[in-house]
Amino acid sequence: MLSERQEQIIEASIGLIDRLGIQGFTIKNLSKEIGISEPAIYRHFDSKMEILATILDGFLQRVSLYHKEKSAAQLPARERMELFFKMIFNVFADNPTLISVIFAEEIFRNEPALSQKVMEIQQINEKELGAIISEIALKEDLTGTPVETLVMMFFGPVRLLARKWKMQDCRFDLREEGDQLIQTIIKMISL
């Protein structure tokens with residue numbers, strides 16, 4: 001559980017990364033953003049990398065909890081798929097700055113611990129979507145395209161749409177466009 005000050009540091013960090021990129025995410029800039037001294041930040045986090053790890057851990061926890069709740073609800077597979085993508089687009093629409101962190105692999109490339117966290121998020125999402133697609137394929141006797149390929153057919157366009165929305169200063173309705181995208185992909189692959 002994060003303290004109120006840690007939450008403030010996390011939110012300010014995400015905002016800095018969003019506005020200034022990873023190069024602008026320094027403890028000095030962070031202290032100016034929040035209005036506290038650099039040593040005060042170090043009382044709450046040991047390093048910039050720990051702040052980034054905390055951001056990723058928060059997203060990972062949110063995604064894991066979501067999957068657990070939806071699996072327990074025992075909804076039909078198609079409904080779980082649609083709800084899964086709605087959740088993703090809702091999270092990004094409510095927190096546009098997260099896109100700059102979650103889809104910024106260059107930030108994490110040289111940091112194995114952070115790279116591992118990003119990979120965990122990706123694997124959890126791919127595993128859940130793969131299970132849903134497999135369930136649909138069994139019920140509808142679909143064969144041919146490997147599940148892994150179908151999973152990529154969903155996540156690539158989702159990422160592209162989220163980044164496009166962010167780069168266009170959130171000028172269109174991400175939730176609406178996201179829903180249309182997912183429905184179109186479902187029709188295209190005949191699920």
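The values are calculated or read from the model by the stated rules, or taken from the named source; none is laboratory data. Bear in mind the structure is a predicted one, so any value in this text is a computation, not a measurement. Backbone-built Cβ (ideal geometry, glycine too); neighbour counts: all protein chains shown. Protein only, heavy atoms only, side chains kept; ligands, DNA and RNA dropped before computing areas. Shrake-Rupley method; radii C 1.70, N 1.55, O 1.52, S 1.80 Å.
I'm told Met87 meets every condition in (1) within 12 Å of the chain's Cα centre (by Cα); (2) touching a residue at least 24 places away in the same chain (Cβ under 8 Å) except one. Can you identify the failing condition by its number?
With respect to (1) within 12 Å of the chain's Cα centre (by Cα); (2) touching a residue at least 24 places away in the same chain (Cβ under 8 Å), Met87 is out only on (2).
Inspect segment 113-121 for any residue being part of a helix (DSSP H, G or I), at pLDDT 85 or above and more than 29 Å from Ala12 (Cα to Cα) and give the result as yes or no.
No, because not a single residue in segment 113-121 is part of a helix (DSSP H, G or I), at pLDDT 85 or above and more than 29 Å from Ala12 (Cα to Cα).
Please go through segment 28-52 and pick out each residue that is buried (at least 16 other Cβ atoms within 10 Å of the Cβ), farther than 25 Å from Asp169 by Cα and aliphatic (A, V, I, L, M).
Ile36, Ile41, Ile51
For every residue, the table says whether it meets (1) in a helix (DSSP H, G or I); (2) in contact with a Phe, Trp or Tyr (Cβ under 9 Å, 6 or more places away or on another chain).
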site	(1), (2)
Arg78	yes, no
Phe92	yes, yes
Glu128	yes, yes
Ile136	yes, no
Thr145	no, no
Phe154	yes, yes
Val158	yes, yes
Leu161	yes, yes
Cys170	no, no
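Going by what's in this entry, would Gln23 be described as open to solvent by 40 Å² or more (accessible area, probe 1.4 Å), within 30 Å of Glu176 (Cβ to Cβ) and among the polar types (S, T, N, Q)?
On the way: open to solvent by 40 Å² or more (accessible area, probe 1.4 Å): yes; within 30 Å of Glu176 (Cβ to Cβ): no; among the polar types (S, T, N, Q): yes.
So Gln23 does not fit the description; no.
When the residues of segment 50-66 are filtered to those that are over 13 Å from the mean Cα position of the chain (by Cα) and in contact (Cβ under 8 Å) with a residue 60 or more places away in the chain, which remaining residue is farthest from Glu128 (Cα to Cα)? So that I can check it myself, show each step before the final result.
From segment 50-66, those over 13 Å from the mean Cα position of the chain (by Cα) are 50-54, 65; that's our starting set.
Then drop every residue that is not in contact (Cβ under 8 Å) with a residue 60 or more places away in the chain, which leaves 52-53.
Details: Leu52: 25, Ala53: 23 Å.
In this case the residue turns out to be Leu52.
For Glu4, which of the numbered conditions (1) under 30 Å from Lys127 (Cα atoms); (2) open to solvent by 60 Å² or more (accessible area, probe 1.4 Å) fails to hold?
With respect to (1) under 30 Å from Lys127 (Cα atoms); (2) open to solvent by 60 Å² or more (accessible area, probe 1.4 Å), Glu4 is out only on (1).
Conditions (1) at negative phi; (2) open to solvent by 20 Å² or more (accessible area, probe 1.4 Å); (3) not polar (S, T, N, Q), marked per residue:
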residue	(1), (2), (3)
Leu65	yes, yes, yes
Ala73	yes, yes, yes
Ile99	yes, no, yes
Gln116	yes, yes, no
Val147	yes, yes, yes
